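Values quoted throughout were computed directly from the atomic coordinates according to the rules given, and no laboratory measurement underlies them. On a predicted model such as this, the values are computed, not experimentally measured, just so you know. For neighbour counting, all protein chains shown are included, and Cβ atoms are generated from backbone atoms with ideal geometry for every residue, glycine included.
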Amino acid sequence: MAELNTGGGGGGKGGKIRTKKMSTRVDLTAMVDLAFLLITFFMLTTSLAKPKAMDLVMPDKNEDKPEDQLKVSENRTLNILLGKNNKVEWYMGRLDNIIGSAEVAGFGKNGIRKVIMDKQRSVTALTGDPKKGLVVLIKPSDKSTYRNLVDILDEMAVLNVTQYAIVDIHPLEVTNLLKRDNIY
């Protein structure tokens, strides 16, 4: 039981004779009960932060015929290979016809984000049509982490890349590119 006691007066020697003050006693049990009820009420009625999820549309598992596949110009295709140690390797075009050279980059504003922004500008200038923008193929390797995949998907959302796909990495990309640059 909680209580609040205040001491009484008197008890000193000499001086005037005064009447003895009675001690005040306040029972705080009801107030403590009310405080716990209020805390419980607010804990149960507040809503916790809802987790935010990104929408990801995956194709059907049905095998497509070659004529059903979308034809995309090599000049518009950016391949991003996710390697180990938070590194990515990127190249334009196809594996058998790489435009320029394959380069290694990290994550962040001076890494793959800068590459994607530059390629978006150059592809839009090349095609002249914003609807025919950059197409990004994200290829995680078995040495990459789930966090790297989420980071690259976040980059797609931040940079407003509308055409991207997560595809399987080709074994030649692993041997010819990732192993060559020691990120596999």
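For the peptides 149-160, 131-142, what is the packing order when you average, over each peptide's residues, the other Cβ atoms within 10 Å and list the highest mean first? Each step should come with its number before you reach the end.
Values: 149-160: 15.0, 131-142: 17.8.
Put in order of decreasing packing, that is 131-142, 149-160.
Give me the percent relative contact order of segment 73-178, please, defined on Cα pairs under 8 angstrom at least 6 residues apart.
Details: 159 pairs, mean separation 31.7, N = 106.
The value is 30 percent.
Given the Cα-Cα distance of ASN75 and VAL32 and 0.36 nm per residue of separation, how much length would full extension add, in nm?
Values: separation 43, 0.36 × 43 = 15.48 nm, distance 7.17 nm.
Taking 0.36 nm per residue and subtracting the Cα distance, the gain is 8.3 nm.
Just order 75-82, 17-24, 122-129 by mean Cβ neighbour count inside 10 Å, highest at the front, would you? All intermediate terms of the calculation are to be shown ahead of the outcome.
On the way: 75-82: 21.2, 17-24: 9.0, 122-129: 12.8.
Sorting 75-82, 17-24, 122-129 by mean packing, highest first, produces 75-82, 122-129, 17-24.
Using alpha carbons only, how many angstrom separate the centre of segment 18-43 from the centre of segment 130-159?
Taking the Cα centre of each part, segment 18-43 and segment 130-159 sit 60 Å apart.
Taking the Cα-to-Cβ direction at THR45 and at ASP181 and moving 7 Å from each Cα, how far apart do the two end points lie in nm?
With each label placed 7 Å out from Cα toward Cβ, I get 5.7 nm.
Percent of alpha carbon pairs in segment 73-178 separated by more than 18 Å?
Details: 2355 of 5565 pairs.
Result for the distance tail: 42 percent.
Among the lysines, select those whose C-alpha is under 27 Å from the C-alpha of LYS119, and discard any that sit fewer than 8 residues away in the same chain.
Cα-Cα hits under 27 Å: LYS71, LYS84, LYS87, LYS109, LYS131, LYS132, LYS139, LYS143, LYS179.
Could you tell me the calculated FRET efficiency between ALA157 and ASN85, based on Cβ-Cβ distance and R0 = 25 angstrom, to the nearest 0.05?
Working: r = 24 Å, r/R0 = 0.95.
In this case the efficiency is close to 0.60.
With each pseudo-label sitting 7 Å past Cα toward Cβ, what's the ILE98-ASP142 distance in nm, one decimal?
Those two pseudo-labels are separated by 2.2 nm.
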